[in-house]
Ligand SMILES: [Fe+2]
Ligand SMILES: [Fe+2]
């Protein structure tokens, strides 16, 4: 409460997924977007940004950055802004007004930036999209998996990182597969488990699970009543661009891994 982060910019790209609380903001290039639980907020590479919480309650979010990639490429730059806050030049939530409409794009906006021009993807719209697909077949490896997309190009929201939201319906267990590219999952809703290279990772709302490249994985919803929802960030756009994306289904054992151990958080 009352905290703010000084305005700055850096070449690593960032995403934020709101875990708890509401009413804090991120300002990106002069536009403030206000947070609610389950919202996804983008901060493209080299965009001025600051954060603040003017409410009297804590607001908690998960940050995801492509720091290791940028470091590996020797392209790390960071700059503090002269003032504490970057000047506001746009109305609050302006990008949501302009780009936050399903398949309806403003024709007069000609600029096509590599990062999505929409800064905030609201939980309400995300959950509505998932619910609408409750009876769909989905993917045998990923369940009802939706990718947040760049509204103008239909591509990943950021050039180096893709964001996904996956719903596992009551009792649903996916088939195992593996692919290049790593992922970080955040359990947005529900309880269940992921089996990663034979190790069982039980999870519930609020947990974070990391998936290394080329590790076998499958996910299961532990509830027979409620949906489980996994948010994830993935570096797949980089692997796609470099021709290094590769995927393989697990075919032994009926498509599900034998569990050899269970992860215990210490
Ligand atoms: Fe930052
Ligand atoms: Fe996968």
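Just so it is clear, none of the values below were taken in a lab; they were calculated from the coordinates. Just so you know, these numbers come straight off a predicted model, no measurement behind them. Here Cβ is always computed from backbone atoms with ideal geometry, including for glycine, and neighbour counts include all displayed protein chains.
Worth pointing out:
- Relative contact order of the chain, pairs being alpha-carbon contacts under 8 Å that are 6 or more residues apart, as %: 16 percent
- With N the number of residues in segment 30-179, Rg(Cα) / (2.2 N^0.38 Å) evaluates to 1.19.
- Simple spin-label estimate for residue 105 and residue 69 gives 2.1 nm between the two label positions (7 Å along the Cα-to-Cβ direction from each Cα).
- Viscosity 1.306 mPa s, 10 °C: Kirkwood-radius Stokes-Einstein D of segment 4-99 over Cα pairs, µm²/s: 115 µm²/s
- Computed [θ] at 222 nm, helices only, for the chain once each DSSP H run of length n ≥ 4 contributes -39500 (n - 2.57): -2500 deg cm²/dmol
- Separation of alpha-carbon centers, segment 79-126 and segment 206-266, rounded to whole Å: 31 Å
- What separates the Cα centres of segment 148-181 and segment 1-66 is a distance of 22 Å.
- Using only alpha carbons, the chain has a radius of gyration to Kirkwood radius ratio (Rg to Rh) of 0.97.
- Net lengthening on full extension, residue 139/residue 242 (0.36 nm per residue, minus Cα-Cα): 34.6 nm
- Computed over segment 1-147: relative contact order in percent, which uses C-alpha pairs under 8 Å that are six or more apart: 29 percent
- Our summary gives segment 142-265 a relative contact order of 33 percent, counting only alpha carbon pairs under 8 angstrom and 6 or more residues apart.
- Computed from the Cβ-Cβ distance with R0 of 25 Å, the FRET efficiency linking residue 57 to residue 88 stands at 0.60.
- Zone residues, segment 40-64, relative to residue 124, backbone N less than 19 Å from point 7 Å out along Cα-to-Cβ: 40-42
- Per-peptide average of other Cβ atoms within 10 Å, ordering 145-151, 80-86 highest first: 145-151, 80-86
- Helix axis angle, 123-132 relative to the chain longest principal axis, alpha carbon, degrees: 40 degrees
- Taking a ≥ b ≥ c as the square roots of the eigenvalues of the Cα gyration tensor, segment 120-255 is classed as oblate, since a/c reaches at least 1.5 and a/b does not exceed b/c.
- Ranked by the mean number of other Cβ atoms within 10 Å of their residues, highest first, the peptides 8-16, 192-200 fall in the order 8-16, 192-200.
- DSSP beta bridges fully contained in the chain are about 95 percent antiparallel.
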